[in-house]
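Quick note: the coordinates plus some simple rules give every number you see, no bench work behind them. Bear in mind the structure is a predicted one, so any value in this text is a computation, not a measurement. Cβ placement follows ideal geometry from the backbone for every residue including glycine, while neighbour counts extend to all protein chains displayed.
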Amino acid sequence: MSTANLAEKRMLLVEDNKTNQMVAKIMLKKIGCQADVAENGQEAIDKASQTDYDFIFMDVHMPLVDGYQATQTIRQHEQSQAKKASVIIAMTAGANEDIEQCMEVGMNDHLRKPFKKEDLEGVLLKWA
């Protein structure tokens, strides 16, 4: 799949840090993509229950509901509604234990912060 086809994909960026939101949105725009934004896990759960996203970029450490809990809830909702599963990509600066936990709760892949546009593009193309 080319990056041109990625523009058709629905994306949700879940990030509580405004600077990280801005940087990720700029990178996505350079790839030709746009994303809705959720500022915490609860907002991500709400948006994912209303919209079928192809990709969800999930910050792991957030206030209110963290990325682990949000992913579990989204996965449960997808199963109960027989919805196509979103590709959930963890975004974490954490250690390998974080990445293992991400996979255990149902995330598909991860990006280690800080990441480059090429890293973001690579994970999108891998799962598209």
(request) Subtract the Cα-Cα distance of residue 127 and residue 100 from 0.36 nm times their separation in residues, and report this length gain in nm to one decimal. (result) 7.8 nm
(message) For the pair residue 93/residue 18, report the inter-label distance in nm, with labels modelled 7 Å from Cα in the Cβ direction.
(response) 1.8
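Applying a 10 Å radius around every beta-carbon, put 63-72, 28-37 in order of their mean neighbour count, most first.
On the way: 63-72: 19.7, 28-37: 16.7.
Descending mean neighbour count gives 63-72, 28-37.
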(message) For residue 29, give me every one of the aspartates and glutamates with a C-alpha distance below 12 angstrom, ignoring sequence neighbours fewer than eight places off in its own chain.
(response) 121
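Work out, step by step, the length gained on full extension between residue 36 and residue 112: first 0.36 nm times the residue separation, then minus their alpha carbon distance; give nm to one decimal. Don't jump to the answer; show the numbers that get you there.
Values: separation 76, 0.36 × 76 = 27.36 nm, distance 2.08 nm.
The span from residue 36 to residue 112 would gain 25.3 nm if fully extended.
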(request) Note down the magnitude of the dipole of the range 9-127 about its Cα centre, charges +1 on Lys and Arg C-beta and -1 on Asp and Glu C-beta and zero elsewhere, to the nearest 20 debye. (result) 540
(request) State the percent of C-alpha pairs, over all pairs in the range 54-128, separated by a distance greater than 15 angstrom. (result) 53
(request) Sticking with the crude label model, points 7 Å out along Cα→Cβ, report the distance from residue 51 to residue 5 in nm, one decimal please. (result) 2.2
(request) Answer with one residue from 105, 22, 72: the one whose Cα lies farthest towards the positive end of the charge dipole of the chain, charges on Cβ with Lys, Arg +1 and Asp, Glu -1. (result) 22
(message) Projecting each Cα onto the charge dipole of the chain (Lys/Arg +1, Asp/Glu -1 at the beta carbon, about the Cα centre), which of 62, 115, 31 comes out farthest on the positive side?
(response) 31
(request) Quick one: check the C-alpha center-to-center distance for the range 100-124 versus the range 1-59, whole angstrom. (result) 13
(message) Quick check on the chain: helices-only [θ] at 222 nm, where DSSP H runs of length 4 and up contribute -39,500 (n - 2.57) each and the sum goes over total residues. Nearest 500, please.
(response) -14500 deg cm²/dmol
